[in-house]
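Enquirer: I'd like to ask some things about the structure below.
What follows draws every value from the coordinates through simple rules; no lab data is involved. Nothing here was measured: the structure is a model prediction, and the numbers come from that model. All Cβ positions, even for glycine, are placed from backbone atoms using ideal geometry, and neighbour counts span all protein chains on display.
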Amino acid sequence: MTYPLLKLTNVSKRLSDYFSLKDINFELNEGEVHVLVGENGSGKSSLMNIICGFYQKDCGDIFINNNPVSFNSPADAKKYGISMIHQDSTLFDHFTVAENIYINSKPYINKNLKIVNWKKMFSDCKILFENLGFNLNGERMVRNLSPAEKQIVEICRAYISNARIIIMDEPTSSLTKAETLLLFNIIKELKKSGVAIIYITHKLEEIKEVGDKITVIRDGEIIGTDHINSMNVDNIIYMMAGMSLNERYPKLKVKLGKEVLKVSNLCDGNFLEDINFSLRKREILGIFGLVGSGRTKIAKSINGERKIDTGEIIIEGRKVTISSPSDAIKSGIGCVTEDRMYNGLFTYRSIAENITSCNLSKVSNHLLIDRKIENELSKSYLDKLEIKINSVNEKVADISGGNQQKVVLAKWIMSKSKILILDEPTKGIDIASKLDLYNIMNEMVTKDVSIILISSDIDEIIGMCDRVIVLYNGKIAGIVSKSEANHKQIMSYATCGKQIK
């Protein structure tokens, strides 16, 4: 008789007064990719922390090959071959790429004296990257890597770990399409060798490409498990959030006002060339393009993070000079950056401190911050945006990704920005949190805010924007109205630089 490699039976865990994992039943077979989906706060991470030994279950049973096991620490789980690729980097920044990959399997010249064979380590690392198709140097310091490159290192470390069970938490969140395809090839190789994978993702388009089974979790309970081919996207969304596919993009029809921003002949002397567009009051203007097309470069140029060689930025008929983000703020421009954890938030400061950080004059008495006013103002924004936390004094690092994104938005709403640039605002967050953000955008435009939405999600762009700018190799290939926007037209501009009939 064949038993599941991993089996959880009636596992429960009380995590707070407001949330518990309840009677979790879950099975994972050898050579299987079992996709786990659920909105932020649904219990995915808590369940993985039990499997990895970070949390101890209150009741229920865990079996490996039908043998009962108990994990009191991550070291216990590792003994049974369980490894996890975390969404946020767990690498050692002051070590090289090779050291991080071979951290638990260093080649030694003398094992007793712990003398590392550096030449062999770097050589093995080079061969590993060549075999897997990743273009990375094993001698680079991890602190100098991009988020995508760090994710590749995490993946390679798990690949060579000889783990029997690998948990992948949003492994493609920072990867390009080409890197994602390489990861999928690695997963296929791992499956062939009998490795079982729990694959956590918010990208529903990935599910059928990579998965065999899917489990949906909501509010700490398993809603259902089925074979991938028996589930469609609409069913998955409904199980996750209780809403249908057609309700995902609740765009309001509003009357657009006069021109509030005009960008003329913008060039950065390096990549962007002859960028011309305008933005009207209450408009949501989309910017779409493939990776490397220049989307974020435009945002940084308008926001003062990137030097403009030629061109003009005109706000409400007045030419402005923006040389820094502080200049942008003074001109009424706010920017929610793509990488909220590193560039959008002070992660180890409180929620209240983050929300008020762009408008300290509202909470300060001369040179001192009035904490009472700061807390009261922050609470008002928490209520408006339905940010679910225990206290405004919680550290931002300790709340969910969806709530972190809402805190970023609260910060810029409080700044009273007239123009708001949102760079990948829904990246890495669940369906329900995305809907919350779309509704916040709707509310903002009804209050005369104009939005530039930069996104790699073409459905999001079509669903939420009044017009769409499509980029190709640093140039505007086309501008498409909402009535004309469709997948074929937008993708033809994005991939060929022109419309294909």
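Enquirer: What distance in nm separates the two pseudo spin-label positions at Ile115 and Asp76, each 7 Å out from Cα along the beta-carbon direction?
Expert: Calculated label separation equals 4.0 nm.
Enquirer: Taking the alpha-carbon set of segment 6-247, what are its Rg and Dmax in Å?
Expert: 18.7, 64
Enquirer: In percent, how large is the relative contact order of segment 6-247, given Cα pairs closer than 8 Å and 6 or more residues apart?
Expert: Relative contact order for segment 6-247 comes out at 28 percent.
Enquirer: Could I ask something else about it? Please arrange His94, His86, His34 by how many other C-beta atoms lie within 10 Å of their C-beta, fewest to most.
Expert: So the ranking, lowest neighbour count to highest, is His94, His86, His34.
Enquirer: For segment 399-501, max minus min Cα coordinate along each principal axis, in Å, sorted largest first?
Expert: Sorted largest first, the three principal extents are 45, 27, 25 Å.
Enquirer: Continuing with this model, one more query. I want to check the label-to-label distance for Ser326 and Leu368. Put each point 7 Å from Cα in the C-beta direction and report it in nm to one decimal.
Expert: With each label placed 7 Å out from Cα toward Cβ, I get 2.4 nm.
Enquirer: I've got another one for you. Quick check: convex hull over the Cα atoms of segment 458-501, volume per residue in Å³, rounded to an integer?
Expert: 61
Enquirer: Given Cα pairs under 8 Å that are at least 6 residues apart, what percent is the relative contact order of the chain?
Expert: Computed over the chain, the figure is 15 percent.
Enquirer: Let me ask something else. How much mean residue ellipticity at 222 nm does the chain get from its helices, if each DSSP H run of length 4 or more adds -39500 (n - 2.57) and you divide by all residues, to the nearest 500 deg cm²/dmol?
Expert: The per-residue figure over the chain is -9000 deg cm²/dmol.
Enquirer: Measure nothing but the geometry: give the 0 to 90° angle between the long axis through the Cα atoms of 431-446 and the longest principal axis through the Cα atoms of the chain, rounded to 10°.
Expert: Approximately 10 degrees, to the nearest ten.
Enquirer: Let me check against my output: what whole-number percent is the relative contact order of segment 345-416, with C-alpha pairs under 8 Å and at least 6 apart?
Expert: 48
Enquirer: Quick one: what Rg and Dmax do you get for segment 345-416 from the alpha carbons, in Å?
Expert: 11.0, 34
Enquirer: Within 10 Å of each residue's Cβ, count the other Cβ atoms and sort Ser326, Ser46 from fewest upward.
Expert: Listed from fewest to most nearby Cβ atoms, that is Ser326, Ser46.
Enquirer: Shifting gears a bit: Rg/Rh for the chain: what does it come to with C-alpha atoms and Rh from Kirkwood?
Expert: For the chain, the value is 0.98.
Enquirer: Let me ask something additional. Could you calculate the FRET efficiency of Phe63 with Asn162 from 1/(1 + (r/R0)^6), where r is the beta carbon distance between them and R0 is 22 Å, rounded to 0.05?
Expert: FRET efficiency, Phe63 to Asn162: 0.55.
Enquirer: In whole Hz and in residue order, list the ³J(HN,Hα) couplings for segment 232-240 that follow from phi through the Karplus curve 6.51 cos²θ - 1.76 cosθ + 1.60, θ = phi - 60°; x for Gly and Pro.
Expert: Computed from phi, the couplings for segment 232-240 are 10, 4, 4, 5, 4, 4, 4, 5, 6 Hz.
Enquirer: Which three numbers, in whole Å and largest first, are the semi-axes of the equivalent ellipsoid of segment 107-226 derived from its Cα gyration tensor as √(5λ)?
Expert: Three semi-axes, in Å: 31, 17, 14.
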